[in-house]
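The values are calculated or read from the model by the stated rules, or taken from the named source; none is laboratory data. Remember, it's a predicted structure, so these values are computed and weren't measured experimentally. Positions of Cβ are backbone-derived with ideal geometry, glycine not excepted, and every protein chain shown enters the neighbour counts. Protein only, heavy atoms only, side chains kept; ligands, DNA and RNA dropped before computing areas. Shrake-Rupley method; radii C 1.70, N 1.55, O 1.52, S 1.80 Å.
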Amino acid sequence: MIRVAAVGDIHMGPDGQGLLRPAFETLPDCADLLLLAGDLTRHGTPEEARVVAREVRDLPVPVVAVLGNHDHHDEQPEKVTAILREAGVTVLEGEGTVVECAGGKLGIAGTKGFGGGFVGRSAGEFGEPVMKEFVRTTRRSADSLHAALKELDEEGCAARVALTHFSPVADTLAGEPPEIHPFLGSYLLAEAIDTAGADLAVHGHAHLGSEHGMTAGGVRVRNVAQPVIRRAFNVYRLGAA
């Protein structure tokens, strides 16, 4: 059994230092690793990233993260990433990583993802260049997620997790206004997950959404945005061979 702790949308700033650390220090009692599903900062500034870094530095379990849209707002995602990595966080964007757990090797494929909508109500690569680029951004993200999941499968992982910020399914957006669903996720992410295979998909971003969902291919999806789960993290258990 592999125990996966996850949370997203913690939106930390200087006034939040130390709020999550006490809960994070209990992680060895209940989880093998911590996944951070983006929007770790409020505006993506290096100052805010340092707050997050201090919150997770030297934790007794591995920490794996993707960035969210808030972490890009100040247009310094490279600096945010560097600060987190210096604190020991594995930050993924179109890549995979393997964590050795007591229950076996866990592969995590991560990407921020992007919007576009869901089957029947989605944007297409047609028209103005800016619209084409909008959809292509999501497609590139989904393609990188697919490739990372496939590589992890070839590495013989006991289980695989897809970690994104944007949602791969509409299920976990229940509670959000339907008008903004195209800006909260894309079916292309779910297609990547289903065709490459995964045991769990974890995302954030949808503060008013719902925790539980599933892809068309039967992969469990969990929205771990902190306003949804209302705690420092949730723990999900994966069976391992």
For the chain, report the % of Cα-Cα distances exceeding 22 Å. 48
Set of lysines with alpha-carbon distance to Lys105 below 19 Å, sequence-local pairs under 8 removed: Lys150
Can you tell me the relative contact order of region 1-75? Whole percent, Cα pairs under 8 Å, sequence separation 6 or more. 39
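If you stretched the chain out fully between Ala147 and Asp29, how much longer would it get, using 0.36 nm times the residue separation minus the C-alpha to C-alpha distance?
Gain on stretching Ala147 to Asp29: 39.2 nm.
Please compute, over every Cα-Cα pair in region 143-241, the percentage with a separation greater than 20 angstrom.
Values: 1677 of 4851 pairs.
Value for region 143-241: 35 percent of Cα pairs lie more than 20 Å apart.
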accessible surface per residue for the chain, probe 1.4 Å, DNA/RNA/ligands not counted, whole Å² -> 43
Chymotrypsin sites (Phe, Trp or Tyr not before Pro) within region 81-143: DSSP coil, no more than 11 neighbouring Cβ in 10 Å: Phe126
Taking a ≥ b ≥ c as the square roots of the Cα gyration tensor eigenvalues, with a/c under 1.5 meaning rounded and otherwise prolate when a/b beats b/c or oblate if not, region 132-198 comes out oblate
Quote to one decimal, in nm, the extra length available between Arg230 and Arg140 on full extension: 0.36 nm per residue of separation minus the C-alpha distance between them. 29.2 nm
By accessible area (1.4 Å), largest first, Thr137, Thr41 order as Thr137, Thr41
Among the aspartates and glutamates, which fall within straight-line cross-link reach of Lys132, defined as a Cα-Cα distance under 17 Å, with same-chain neighbours fewer than 8 residues apart omitted? Asp143
Would you kindly calculate the translational diffusion coefficient of region 32-148, applying Stokes-Einstein with the Kirkwood radius from alpha carbon pairs, for 20 °C and a viscosity of 1.002 mPa s, and quote it in µm² s⁻¹ without decimals? 139
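Run lengths n ≥ 4 of DSSP H only: what is the helix-derived mean residue ellipticity at 222 nm for the chain, with -39500 (n - 2.57) per run over all residues, to the nearest 500?
-8000 deg cm²/dmol
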Additional length obtainable on full extension of the chain from Glu78 to Thr195, 0.36 nm per residue less Cα span: 39.1 nm
